[in-house]
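J.: Attaching a single structure in structure tokens format; questions to follow.
The values are calculated or read from the model by the stated rules, or taken from the named source; none is laboratory data. These numbers come from a predicted model, not from an experiment. For neighbour counting, all protein chains shown are included, and Cβ atoms are generated from backbone atoms with ideal geometry for every residue, glycine included.
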Amino acid sequence: MNPDEVFDNKYFRLNRTLLKQVSLWPYESTSTKVIKRIFIMVGFYSMSLPQMIRGIEEIRSDDPDPEIIIENLSGFIYFHGVISKLITQMVTENKLKYLYEEISKDWKTITDKNEKAVLEKSAAVGHQLTIFYTGFVVLSAIFFVSITAFVPVLLNHVLPGNQTYQKQICIYAEYFVDQEKYFYYIFTHTMVIGVMTVYVATAIDSVFVNCVQHVLGLFNIIKYRLKEISRVYDSSVNNSIDLHFDVKRYLIDIILTHKKSLEFTNLIQSAYNECFFLLAGLIVAGLSAFTYVLSQNVNNPLNFMRIWFLWFGVIVYMFFVNLPGQKLLNISEELLLAIYDSSWHKFPIKTRFLIQVMMLRCLKPCRLTAGPLIEMNFASCSNILRTAFSYFTVVNSMNS
């Protein structure tokens with residue numbers, strides 16, 4: 001099944017467009033994907049290599065500047081973090097195709113208008129998160145690249161005087177040309193590649209969030225069905241055999257939907273596990289490095305603002321990718337309460353046994369992890385941020 005029809009609706013169209021732009025939509029022709037991927041890789045290294053060369057030159061200099069070394073190391077981590085995300089998504093392409101096909105199948109098979117509304121509500125949240133995240137990271141990338149280029153020019157016009165503010169490119173890099181003479185060529189290059197990197201990251205992260213939102217939609221449909229089965233059973237005066245049979249059949253559908261939701265969660269876990277596991281260590285290292293550079297530029301407003309966009313962008317990224325795991329954890333607990341609050345104790349014994357089995361399964365909450373140990377939720381996110389803030393405090397106290 002080609003999910004183009006379903007992914008062309010208003011909830012998934014942006015995700016499909018982003019995936020196509022970064023060569024990760026599985027249903028494009030192989031030749032198109034290969035050409036795009038080569039272009040992306042060449043583009044990434046055309047910016048990363050000059051930055052790496054400049055960092056090596058600084059290390060080998062007589063009086064190395066630790067700020068330049070650490071910032072360029074952070075750039076190296078960032079580029080290879082995005083590249084690792086891109087490669088892992090290429091490797092898991094078949095799993096992702098299956099994910100998209102299952103989502104499409106659910107959108108076509110769920111026909112009840114109330115259940116469809118539940119699914120659409122969950123997808124709408126994913127769509128809104130995609131718009132917010134895409135807008136934020138693209139604007140952050142644009143500000144990061146342009147702030148040191150255009151603010152000095154603006155200051156020279158607004159504050160004319162003896163002091164001349166020099167425009168600079170957004171990174172310390174060695175292009176082996178006169179950067180003042182070819183400034184706008186280099187600036188255009190960094191702008192294009194900088195936005196390209198965030199496009200790749202956004203495409204991967206946003207479709208991950210929408211896949212989890214689909215699971216949340218299925219869980220909410222289960223909660224809706226449990227309320228319906230309780231309402232029908234409680235409002236029935238005549239508890240006939242036919243009613244018992246209908247309840248049992250309806251409950252079996254609920255259990256099968258729950259089983260499918262759990263399988264879908266495991267599939268998302270297997271498709272994105274390697275991607276987020278590789279990034280976990282890079283995020284800690286990158287956030288620590290950005291924190292150090294930020295602390296070194298407290299008295300340099302222009303540089304401080306430039307690095308702040310990266311630093312705050314990492315925090316927003318952590319919140320964004322951990323939000324689905326937290327919501328999945330929450331809804332697992334809500335589903336257990338929904339089962340308990342249903343009229344299961346009034347069902348016939350055989351039917352009661354089915355829902356008790358489902359309740360036992362819900363005692364183990366659904367969790368998403370990065371690798372075997374790191375859970376993707378707000379607790380993990382806060383632990384990393386706490387470490388970064390403590391590091392920031394230590395560095396500031398040392399400098400003072």
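J.: Find all pairs meeting these conditions: Cβ atoms under 9 angstrom apart; at least six residues apart or on different chains; first residue within the stretch 352-379 and within 19 Å of F264 (Cα to Cα); second residue assigned to a strand (DSSP E or B) and aliphatic (A, V, I, L, M).
T.: M376/A370
J.: Among the residues of the stretch 117-131, are any within 30 Å of W311 (Cβ to Cβ) and surrounded by fewer than 14 Cβ atoms within 10 Å (Cβ to Cβ)?
T.: Yes, some residue in the stretch 117-131 is within 30 Å of W311 (Cβ to Cβ) and surrounded by fewer than 14 Cβ atoms within 10 Å (Cβ to Cβ).
J.: Mind counting the residues in the stretch 56-109 that are more than 20 Å from the chain's Cα centre (by Cα), of a type in the set (A, V, I, L, M, F, W, C) and modelled with pLDDT of 90 or more?
T.: 3
J.: How many residues does the stretch 7-64 hold that are without any contact (Cβ under 8 Å) to a residue 40 or more places away in the chain, over 17 Å from A203 (Cα atoms) and in a helix (DSSP H, G or I)?
T.: The qualifying residues number 14.
J.: Still on this structure: Scan the stretch 355-393 for residues that are of a type in the set (V, I, T) and at pLDDT below 75 and report the count.
T.: Final tally of qualifying residues: 3.
J.: Going by the conditions given, is K113 out of contact with any Asp or Glu (no Cβ under 9 Å at 6 or more places or on another chain), among the basic types (K, R) and surrounded by 15 or more Cβ atoms within 10 Å (Cβ to Cβ)?
T.: no
J.: While we're looking at this one, here's another question. Inspect the stretch 111-128 for any residue being without any contact (Cβ under 8 Å) to a residue 60 or more places away in the chain, assigned to a helix (DSSP H, G or I), out of contact with any Ser or Thr (no Cβ under 7 Å at 6 or more places or on another chain) and within 24 Å of A280 (Cα to Cα) and give the result as yes or no.
T.: Taking every residue of the stretch 111-128 in turn, none turns out to be without any contact (Cβ under 8 Å) to a residue 60 or more places away in the chain, assigned to a helix (DSSP H, G or I), out of contact with any Ser or Thr (no Cβ under 7 Å at 6 or more places or on another chain) and within 24 Å of A280 (Cα to Cα).
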